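Have a look at the structure below, then the notes.
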């Protein structure tokens with residue numbers, strides 16, 4: 001999949017520290033695993049990177065995704081691991097607006 005080959009290049013384009021490796025991609029579910037090595041960062045930046053990878057996933061794959069850090073170097077792991085999962089978008093249909101007809105706008 002294109003995502004796996006593009007992600008490390010985007011990292012190198014935006015950051016000069018650390019090495020990002022795209023480890024795994026499930027073609028059926030579109031779930032991906034990323035390893036970020038050789039970088040020690042503040043815990044808040046770990047959260048920032050979750051959003052960064054979510055947007056990168058959306059940009060490359062064209063679907064909404066959720067990202068979570070599952071391993072962190074600050075917790076003793078050998079690398080930061082981010083797991084991306086395709087998000088299922090459920091469209092809910094409003095059954096009826098009748099319950100709102102008696103409401104008045106003030």
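Values in this text are rule-based calculations from the coordinates and carry no lab data. Note that the structure is predicted; figures quoted are calculated from it, not measured.
Data for the structure
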read-out: Additional length obtainable on full extension of the chain from residue 12 to residue 33, 0.36 nm per residue less Cα span; value: 5.8 nm
read-out: Over region 15-91 - Rg/Rh using Cα atoms and the Kirkwood inverse-distance radius; value: 0.98
